[in-house]
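The structure under discussion appears below in the form of structure tokens.
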Amino acid sequence: MLDLPPPKVGSLPLVAHPFIDRGHLVSLDPVILFFLLGLIAGLVRAELRLPAAIYDFLSMLLLLTIGLKGGVELAASDVGHLLPQLLGVLLLGLLFPLLLFPLLRWLGRLNRADSAAVAAHYGSVSVGTFAVASAYLTHMAIAYESYMPVFVVILEAPAILVGIVLARGVSRQTRWRSMGHEIFFGKGVVLLTGGLLIGWICGGEAIAPLKPLFFDLFKGVLALFLLEMGLITASQMGSLRRHGLFIMLFGILAPLMGALIGGILALQLGFSTGGTMLLATLAASASYIAVPAAMRMAVPEANPGLSLAASLGVTFPFNVLVGIPLYLSWAQWLHQAGG
């Protein structure tokens, strides 16, 4: 791996992007090869599966590391100037599912429940995609706002609420108390928010002894996480074939649309080029952890295989293998055109 100077603005010391230009050669980073290994192993039905406890542990490390790093950098930032950005990102999380719902309902001819569930998945975010995107910026030595993990937390919940309202409307039968607990106290939100608070309260000096576990080992943790994600992606291929061409097209076009909107919003909110790329990536990603759990409880008649086939079977590999460099090019173009 090329030895590049660290960005001026904080970022996770993770890994390079899958595509690294060495002269005329293009090679794949080992971390992305782990994802491809899992994908191929799943497709050929190899006897390969991470134990559930190991996968849970890797997910915890991933979420806590992102939260801790964001919290440490947030402690050194002026929180007051973040308010316009927080409100803008929150608005993105509320409106993007509303934009996707009619496309799914009328163009895709999905029923109301399935349209709402898929829209909610794409209005929320993928922490794994964010980790790979921030790693790409680290490798490229492109600075970005180090408090970006705050926006990962902000974008988790709004789309779930919008999805429930789209599917059910507002009625007394909706179990809002149970739903609120599922949304705001789910594993992903608790670990991300907890990591942010710990990093913010303690600061960088107090967090330093934890660096060997949370930061130095992060590349290996991400590699194993992506290995399992490859296996899970392969398991969704059957659903993908059953649900046809529309889901495949939607799984590619929806993230491109999200990146387009997220990039323009980030430019208007004053993000750097790196921050613009990360917000575009977040808008382009789709949840596969928090939203499925919430939708199962609130909209049990929705088909979870449909949402996961799109988000995991198409959008996650598209973003990791192809989309991330496109979103950086989009961010760079926006800043050049706007400058």
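The values are calculated or read from the model by the stated rules, or taken from the named source; none is laboratory data. Just so it is clear, the model here is predicted, and its values are computed rather than measured. Every residue, glycine as well, gets a Cβ built from its backbone with ideal geometry; the counts of neighbours run over all protein chains shown. These accessible areas exclude ligands, DNA and RNA; they are computed on the full protein's heavy atoms, side chains included. Shrake-Rupley method; radii C 1.70, N 1.55, O 1.52, S 1.80 Å.
Here are some notes:
- Residue list for segment 59-77, restricted to those being more than 14 Å from MET148 (Cα to Cα) and open to solvent by 70 Å² or more (accessible area, probe 1.4 Å): MET60
- Looking across segment 199-210, the residues that are at pLDDT below 85 and either open to solvent by 70 Å² or more (accessible area, probe 1.4 Å) or not in a helix (DSSP H, G or I) (or both) come down to TRP200, GLU205.
- Odd one out for PHE225 among (1) out of contact with any Phe, Trp or Tyr (no Cβ under 8 Å at 6 or more places or on another chain); (2) more than 16 Å from LEU68 (Cα to Cα); (3) of a type in the set (Phe, Trp, Tyr): (1)
- Among residues of segment 257-277, those that are buried (at least 24 other Cβ atoms within 10 Å of the Cβ) and over 20 Å from LEU99 (Cα atoms), counted: 5
- Residue match in segment 254-267 (condition: within 16 Å of GLY128 (Cβ to Cβ) and of a type in the set (Val, Ile, Thr)): no
- Residues within segment 37-58 that are out of contact with any Leu (no Cβ under 8 Å at 6 or more places or on another chain) and buried (at least 17 other Cβ atoms within 10 Å of the Cβ), tallied: 1
- The set of residues in segment 224-237 that are open to solvent by less than 20 Å² (accessible area, probe 1.4 Å) and farther than 22 Å from MET140 by Cβ comprises LEU227, GLU228, MET229, GLY230, LEU231, THR233, ALA234.
- Residue in segment 254-269 that is part of a loop (DSSP other than H, G, I, E, B) and more than 16 Å from VAL127 (Cβ to Cβ) present: yes
- Any hit, segment 242-253, residues being open to solvent by less than 20 Å² (accessible area, probe 1.4 Å), in a helix (DSSP H, G or I) and at pLDDT below 85: no
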